[in-house]
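The values are calculated or read from the model by the stated rules, or taken from the named source; none is laboratory data. Not measured: the values here are computed from a predicted model. Neighbour counts run over all protein chains shown; Cβ positions are idealised from the backbone, glycine included. Remember, those area values only see protein heavy atoms, side chains included, never the ligands or the DNA or RNA. Shrake-Rupley method; radii C 1.70, N 1.55, O 1.52, S 1.80 Å.
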Amino acid sequence: MTAPQPLRSHTHAWRPPPETTTDILDMTGREILQEALDGRFPDAPIMRTLGIRLVQVGDGTVVFEGEPGDHLLDPMGSVHGGFVTALLESALAAAVMTKLPSATRSTSVQIGIHMLRRVRTDTRTLRCEGTAIHVGPTTASAEARLLGVTDGDLYAHANATCAILRVM
């Protein structure tokens, strides 16, 4: 019988998202994301928890990156699919958000994910590129691709349908 491995620790700190104020309601989705990218708004708490970061905001496009690690392992020794899903959904939702006018938000109503390659603890940085395909008055669709930064391999891709919500 082998000796148990020593315990490892993974800690994180976060700030709660800003309250929905008149100032924020007056901002477009792209402006809000740009403020987050520039460090004027805190990251969403889940991003800190999973080690995901927003690295680029464009018109209908976003890029997130994440670092797999052994703190994200599932019982079978692979990085849990929830980490991959969180990267993909972040990019899908944020790509749509970049096209939304002020006082408007969206929520995912359907996500289709295709995992193509196993993510392991020694997988280097993953880059998730999201693109808004259609943003209408009541629905939107987007697609995202999860790529290895160093190997260029496609690890997963996804698409989503979102409902557009007016915030009062």
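Mean residue ellipticity, 222 nm, helices only, the chain: the sum of -39500 (n - 2.57) across DSSP H runs of n ≥ 4, divided by residue count and rounded to 500, is -6000 deg cm²/dmol. Computed on the stretch 73-145, the Cα convex hull volume stands at 100 Å³ per residue. Ranked from largest, the principal axis spans of the Cα set of the chain equal 62, 32, 26 Å. Positive-end ranking of 158, 132, 5 along the dipole of the chain, with charges on Cβ about the Cα centre, is headed by 5.
Positive-end ranking of 107, 42, 85 along the dipole of the stretch 1-111, with charges on Cβ about the Cα centre, is headed by 85. Taken per residue, the accessible surface of the stretch 1-66 reaches 71 Å², heavy atoms only and a 1.4 Å probe.
For the chain, the longest principal axis of the Cα atoms and the long axis of helix 81-97 meet at an angle of about 20 degrees.
So what's the net charge close to residue 134: Lys and Arg +1, Asp and Glu -1, counting the other residues with Cβ under 12 Å from its Cβ? It works out to a net charge of 0.
Using only side-chain charges placed at the Cβ, +1 for Lys and Arg and -1 for Asp and Glu, the dipole size of the stretch 92-168 relative to its Cα centre rounds to 140 debye.
How large a share of the accessible area of the chain, in percent, is made up of carbon and sulfur atoms when the probe is 1.4 Å and the other protein chains stay in place?
Working: 5190 of 9800 Å².
That share works out to 53 percent.
Eigen-decomposition of the gyration tensor built on the alpha-carbon atoms of the stretch 1-88 gives equivalent ellipsoid semi-axes of 33, 15, 10 angstrom, largest listed first.
Quick one: putting +1 on the C-beta of Lys and Arg, -1 on the C-beta of Asp and Glu, what dipole do you get for the chain around its Cα centre, in Debye to the nearest 20? Present the calculation step by step, with values, prior to reporting the outcome.
Numbers: 15 positive and 18 negative charges, 49 e Å.
My answer is approximately 240 debye.
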